[in-house]
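The structure appears right after this line, and notes come after that.
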Amino acid sequence: PVGVVHTSSGGLGVEAYLKRESAEADEEFIAFLKRIGRYQPTERYNEAGIRNFTQLSGVWNEKIEPLKNSSFAGIVWYLGESSAFDFEFARFYLRAMKMLIKDLEGYFGKIPFVAVHISSEFYPYGDKYGYLYVNEAITALEEAFKDTVRTVPVYDIEPRWLKADGKAYYHPIHTVNKAPVAGRIARSLCGERSHYPKISAVEYSGSKAVCTISNVGPGLAKGEIFGVTLAG
């Protein structure tokens, strides 16, 4: 049997999962939250109206703190759309994630932390490339926490959605075909697959960009190439 503690909710930002003491100790991060209108001091708690559920430390206080001293086999992280605005948002998203993982390790030890990329589709806010920056930040966590963090890519998984009548149509974010994603999460948690391919270096020579791809196992699958996108 497998037991799962579910702490997520639609529309959350990463700041809701942060321990307030840790967040407040980072003056630059707090200044960023204030500038974008996402900072809620303790004396004004629950005064954010419809955004109460995602205020700073709200989820940590309500759903993480009560779990202290519990034992878990691993953690799955699948959140980032609220930070998919531009490069600056993603930079502070990465900063917040490092903060969060350190606090989670303090509560639950160094257990597997599987971070899933957000859907590689169009997000109609920010500079329109926010998802690329966020996914790059999620991948960067592997370097910062090599012993515990594993990244699950989803860019090659077809996004599908079901209408009320059961017919399928395409939706950029909230997809129903989560089985392939779940399979990758499971393989990461059980140690079957620790790393997925990624571009680890790029050298520009004339009109060419020579990419070094790491974690390819026996090699890359051959097939027709429709195009290549480099970000970062």
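Observations on the model:
- Of all residues in segment 36-47, those that are over 16 Å from GLU88 (Cβ atoms) have Cβ atoms under 6 Å from Cβ atoms of residues that are outside any loop (DSSP other than H, G, I, E, B), 6 or more apart or on another chain, in ASN46/ASN52.
- Test: residue in segment 174-185 that is open to solvent by 70 Å² or more (accessible area, probe 1.4 Å), modelled with pLDDT under 90, of a type outside the set (Val, Ile, Thr) and touching a Pro at 6+ places or on another chain (Cβ under 8 Å): no
- Boolean, GLU21 is acidic (Asp, Glu), assigned to a loop (DSSP other than H, G, I, E, B) and farther than 18 Å from VAL134 by Cα: no
- Being open to solvent by 30 Å² or more (accessible area, probe 1.4 Å), outside any helix (DSSP H, G or I) and at pLDDT below 95 holds for only one residue in ARG51, ARG38, and it is ARG38.
- Top-ranked residue of segment 120-131 - restricted to ones that are open to solvent by 50 Å² or more (accessible area, probe 1.4 Å) and not acidic (Asp, Glu), ranked as nearest to VAL181 (Cα to Cα): PHE122
- A search for C-beta distances below 6 Å between a residue of segment 189-201 that is in contact (Cβ under 8 Å) with a residue 12 or more places away in the chain and surrounded by 12 or more Cβ atoms within 10 Å (Cβ to Cβ) and any residue that is part of a loop (DSSP other than H, G, I, E, B) and among the small types (Gly, Ala, Ser), counting only pairs 6+ apart in sequence or on different chains, returns LEU189/GLY74.
- If you go through segment 2-23 and keep only what is surrounded by fewer than 16 Cβ atoms within 10 Å (Cβ to Cβ) and either touching a His at 6+ places or on another chain (Cβ under 6 Å) or under 16 Å from LYS98 (Cβ atoms) (or both), you end up with just GLU21.
- Conditions (1) hydroxyl-bearing (Ser, Thr, Tyr); (2) part of a loop (DSSP other than H, G, I, E, B); (3) touching a residue at least 60 places away in the same chain (Cβ under 8 Å): number failed by TYR93: (2)
- Within segment 204-214, considering residues that are under 15 Å from VAL228 (Cα atoms) and not basic (Lys, Arg), the one surrounded by the fewest Cβ atoms within 10 Å (Cβ to Cβ): SER207
- Subset of segment 179-232 that is hydroxyl-bearing (Ser, Thr, Tyr) and assigned to a loop (DSSP other than H, G, I, E, B) - its residue that is nearest to HIS117 (Cα to Cα): TYR196
- Test: GLU105 is in contact with a strand residue (DSSP E or B) (Cβ under 9 Å, 6 or more places away or on another chain), open to solvent by less than 70 Å² (accessible area, probe 1.4 Å) and part of a helix (DSSP H, G or I): yes
- Meets criteria (surrounded by 22 or more Cβ atoms within 10 Å (Cβ to Cβ) and either at positive phi or in contact (Cβ under 8 Å) with a residue 60 or more places away in the chain (or both)) for ALA137: no
So that you can scan it fast, the table gives a plain yes or no per residue for (1) in a strand (DSSP E or B); (2) among the charged types (D, E, K, R); (3) within 25 Å of LYS178 (Cβ to Cβ):
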residue: MET97; (1), (2), (3): no, no, yes
residue: ALA115; (1), (2), (3): yes, no, yes
residue: GLU143; (1), (2), (3): no, yes, no
residue: LYS146; (1), (2), (3): no, yes, no
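- Filtering segment 26-49 to residues that are under 24 Å from the mean Cα position of the chain (by Cα) and aromatic (Phe, Trp, Tyr) leaves PHE29, PHE32, TYR39.
The values are calculated or read from the model by the stated rules, or taken from the named source; none is laboratory data. Keep in mind it's a predicted model, so treat the numbers as computed, not measured. For neighbour counting, all protein chains shown are included, and Cβ atoms are generated from backbone atoms with ideal geometry for every residue, glycine included. What goes into the accessible areas is simple: the full protein's heavy atoms, side chains included, and nothing from ligands, DNA or RNA. Shrake-Rupley method; radii C 1.70, N 1.55, O 1.52, S 1.80 Å.
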